[in-house]
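The values are calculated or read from the model by the stated rules, or taken from the named source; none is laboratory data. It should be emphasised that the depicted structure is a prediction, and the values quoted were computed from it without experimental measurement. Positions of Cβ are backbone-derived with ideal geometry, glycine not excepted, and every protein chain shown enters the neighbour counts.
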Amino acid sequence: MSITLEQIKIRHDLLVSVLDEKQYRLYLAAEAKALGWGGMSQIAKVTRSSRNTISTGIEELMQAPVSKPVEAVVEGKKTRHRTRGHRLPVAEDSRQRRHGGGRKRTTDTDLAEIRFGRFD
C-alpha cells in the first residue's frame, strides 16, 4: 500500500503546477475513489490537501455532465464591447467559477469613491 501512496505523491507533485482548481479537485477525487474505503483520508494526508476539496471533487465526479446547447454561428461584423472600466463578459463554458464568484471590486461596492473621484 505504501508503494501506491508514494506513486500518488509523485504524480501529484508533477501535476499540481499545471492543473486548474477544478481539474485538481477531480484528480484528487479520482485517486481517492481508486483507493476505495479510506482513500479520501489517505490522499488528503499524502497531498496535504483538504478533505473538503476531495469530497467536493467526488461530488463533481458523480454528477452527470450537462450537455450544452449548440449556439448558432452569426456571420458578419464583429461586435465591439464597450466596457467603460468593467470586465469583458466571459462565456459560461470557459469560467472557472460560477458567475458572481470572487471578491467584488471596490468601485462596485463604494459609490462615494466614484462620485468624488478618490482613487489613489
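Hey, among Arg84, Arg48, which residue is on the phi > 0 side of the Ramachandran plot and at pLDDT 90 or above? Can you show your working first?
On the way: Arg84 fails: at pLDDT 90 or above.
Step by step, each of Arg84, Arg48 is checked, and only Arg48 is on the phi > 0 side of the Ramachandran plot and at pLDDT 90 or above.
Can you name every residue in region 1-38 that is in contact (Cβ under 8 Å) with a residue 40 or more places away in the chain and part of a helix (DSSP H, G or I)?
Narrowing region 1-38 to residues in contact (Cβ under 8 Å) with a residue 40 or more places away in the chain: 5, 20-22.
Matches in region 1-38: Leu5, Glu21, Lys22.
As an exercise: evaluate Lys68 against (1) surrounded by 13 or more Cβ atoms within 10 Å (Cβ to Cβ); (2) at pLDDT below 65 and give the number of the one condition it does not meet.
Going through (1) surrounded by 13 or more Cβ atoms within 10 Å (Cβ to Cβ); (2) at pLDDT below 65 one by one, Lys68 breaks only (1).
Gly101 is checked against (1) surrounded by 10 or more Cβ atoms within 10 Å (Cβ to Cβ); (2) within 24 Å of Ser17 (Cβ to Cβ); (3) modelled with pLDDT of 70 or more and fails just one. What number does that condition carry?
Looking at each condition in turn, Gly101 falls short on (1).
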